[in-house]
1. Check whether at least one residue in region A:54-61 is at pLDDT below 90 and not in a loop (DSSP other than H, G, I, E, B), and report yes or no.
2. Where in region B:21-117 are the helices (runs of 4 or more DSSP H), entirely inside, with at least 2 residues that are in the same structural domain as B:R161 (by TED's automatic domain parsing) and modelled with pLDDT of 75 or more?
3. What number goes with the only condition from (1) in contact (Cβ under 8 Å) with a residue 40 or more places away in the chain; (2) within 13 Å of chain A (Cβ to nearest Cβ) that B:W35 does not pass?
4. Considering only residues that are surrounded by 17 or more Cβ atoms within 10 Å (Cβ to Cβ) and away from chain B (no Cβ under 11 Å), which ones fall in region A:103-138?
5. Are any of the residues in region A:10-19 touching a Phe, Trp or Tyr at 6+ places or on another chain (Cβ under 7 Å), modelled with pLDDT of 90 or more and among the polar types (S, T, N, Q)?
6. Could you grab me the full set of residues in region B:1-16 that are under 14 Å from A:A123 (Cβ atoms) and at the interface with chain A (Cβ under 7 Å from one of its Cβ atoms)?
7. Can you name every residue in region B:44-58 that is more than 9 Å from chain A (Cβ to nearest Cβ), in contact (Cβ under 8 Å) with a residue 40 or more places away in the chain and surrounded by fewer than 20 Cβ atoms within 10 Å (Cβ to Cβ)?
Amino acid sequence: MSSSVEAITVLSSDGDEFKITVSAAKLSKPLNWMLEDVCFSDDCDEVPTIEVNSKTLVKVIEYCEKHAPRANSGASDSDAEELKKWDIEFMKMDVKDILFHILMAANYLHMEGLYDLACQTAADLMKGMTVSQIRKIFHIKNDFSSEEQEQLRRQHPGCSFD
Amino acid sequence: MSDKISELPDSLLQHILSCLPTKQAIATSLLSKRWRPLWRGLSTFDVDDVDFKSFHSLAQFVDAVLILRDSTPLKKFRIYCKQYYSFLLPHHIVANQITVCTIQELRLSQVEVANLSHVNLPSLKLMSLSKVRFPDFKCVATLLSGCPLLEKLVLSDLDIRNKNISTVLMLEVFNIWPQHIFQLDGDHESFLYC
């Protein structure tokens, strides 16, 4: 790859084109490998596809661009504090829709920081909630039969399905 | 709206559950069949006594979880007691070398450690002991001698019963089995939800 390239173009799974700076792309291991293996110069017409939909990829790129300068240069305490606040704002998203895709994307793209952040966000949504409240938030269907529930209740007198 | 979260791979769901207090992480096993086995592979252990109605139920819970979890390495072990001065020993950490070798962080508060025979915490970097009661100095020495990579040690209000310091020089190895510490009987599974 030519060292003069500062940004690369990638395709989302929906076929839309996105630009991402090289320093931001380095936050993801697979993207980093791609940078080493694939030709990104101007005369190369092959645009790599990332198996992440457009709506999610916008968010992932936003995260990478925000975190890249600090990841590359090391953060001071005040920077780290500001970044933490930014992360909290960044994660205020529609749970049922995008959080799931962010989790998948962070997993697929091997992005440790975003992965931890998204998992923590999902856990925070569960914290202090009852089993039935968690089911409601994430649309989880209770697939235990009434016999199975009865048996679990007998085995575990303290357990609650509500 | 479909249930997307349950489609996530086990490792991802377990990472989410590892961010929760262990008691609540285990409660999610009642969500659906998909979630039923996940808690056994958690990499953290984190309990607060305020979440339990008695010390007895806390002790039963700790033991049940440590016995029934699978062999996934624990990275974090935390027991925090505010109200019960307890007779607790994280015996699986101490007794089982397979589960101990990845623990990096051990925090005990208001916990009584019984006679320790053998400690092996080769990855431990942080140990925090607050209001922890030991039977004697030998026990403290045994605990510390099992942590070769310790970087940060936080001690506050240690209570050492027998202050005869000459015992420090004597290290003896015994076998400690869980039932000697917790006096458990009955079915461990029945203590998971309380």
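The values are calculated or read from the model by the stated rules, or taken from the named source; none is laboratory data. Remember, predicted model here, so these are calculated numbers, not experimental data. For neighbour counting, all protein chains shown are included, and Cβ atoms are generated from backbone atoms with ideal geometry for every residue, glycine included.
1. no
2. Qualifying helices (runs of 4 or more DSSP H): B:55-68.
3. With respect to (1) in contact (Cβ under 8 Å) with a residue 40 or more places away in the chain; (2) within 13 Å of chain A (Cβ to nearest Cβ), B:W35 is out only on (1).
4. A:A105, A:L109, A:M111, A:L114 - these are the residues of region A:103-138 that are surrounded by 17 or more Cβ atoms within 10 Å (Cβ to Cβ) and away from chain B (no Cβ under 11 Å).
5. yes
6. Across region B:1-16, the qualifying residues are B:I5, B:L8, B:L12, B:H15, B:I16.
7. B:K53
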